[in-house]
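Enquirer: Handing you a structure now.
Please treat every number below as a calculation from the coordinates, not as lab data. On a predicted model such as this, the values are computed, not experimentally measured, just so you know. Glycine gets a Cβ as well: all are built from the backbone with ideal geometry, and neighbour counts include every protein chain shown.
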Amino acid sequence: MPSDSVAQLLSNTLYYKRFFPYYAFNILAGMDANGAGAVYSYDAIGSFERTAYSANGSGQAYIIPVLDNVIGNRNRTDDDNGNKSGVPVTLSADEVVEILKDTFLSAGERDIYTGDAVEIMVVTQDSIVTHRFALKAD
Amino acid sequence: MSTTASNVFYNNNNAAKPFRSSAAAQSTSMLPNSSLHHNVFATSSEGPVFAAPSTTPSAASLSSTNQHGFSPYDLNGGTVAAVAGPDYVVVAADTRLSSGYEILCRDSSKLFGLVHSSQCVLASSGCKTDVDQLRSLLNIKMKVRSYARKVMHR
């Protein structure tokens, strides 16, 4: 199934239980028909949006501001860094993995529900590579 | 017989017990709680019907009945994040499963590869039981669709 169909199916599945919802906050990641990465962000009752990046869950408040700044190129003091404000920068997958390690490490310091390890999947058109990075277990 | 909303509530509360539905057991002496703030004024084929108490019961009298503080939801915590690129998508999630101040599992994956899709990964935080059910249901729905189209999309 193409990723946009999966995205709609997930939305309908969540909305079907609108009055006794699944208490689940989802992000769907996949490749779109043009071979580009796609991130779909959901609430518990199936409202969704395709975005360039997203974070959900207990550490969301610690992750989103960092991604806004580093990936989304928002709220920056260096206006002339070569990118228009609010337009997501293009990074390599390896750079994004390192950024996500840092953000999860930071979230794990502040959020008691985030820790132990972070599992990072790099999805491309023909492979899924999983990385694992230990976080504090306290 | 007219039933008010509160009447229905008390009726259901007591009728749920199995011995209440047998006609032979219709004795107020067998109903220790009901005699405190209910009075039997009618008997239907389904068993005794109770009138609502004349005054609204206090919180104390409510807790004396068989009420269990069950909540279907738990917040098991955890964080998920994803970033899309021009030819890749990176999705990340921590592996801790908690409830309150307890850690239930240190290696519980929040990422779920959807095998009947084109490289889709579902990252979910929230209530683990609901996440498990949602994953299962989504997988089944996608499998049914792939069979219906006579094509296994991968």
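Enquirer: Hand me the trypsin sites (Lys or Arg not before Pro) from region A:54-138 located in a DSSP loop with no more than 13 other Cβ atoms within 10 Å, in residue order please.
Expert: A:K84, A:K136
Enquirer: Can you grab the distance from the C-alpha centre of region A:58-115 to the C-alpha centre of region B:85-153, Å, no decimals?
Expert: 23 Å
Enquirer: Additional query: If you wrap a convex hull around the Cα atoms of chain A, how much volume per residue is inside, in Å³?
Expert: In chain A, the Cα convex hull volume per residue is 128 Å³.
Enquirer: Just order B:135-143, A:46-54 by mean Cβ neighbour count inside 10 Å, highest at the front, would you?
Expert: A:46-54, B:135-143
Enquirer: Let me know the charge dipole size of chain A about its Cα centre in debye, to the nearest 20, where only the beta-carbon of Lys, Arg (+1) and Asp, Glu (-1) is charged.
Expert: The dipole of chain A has a size of about 460 debye.
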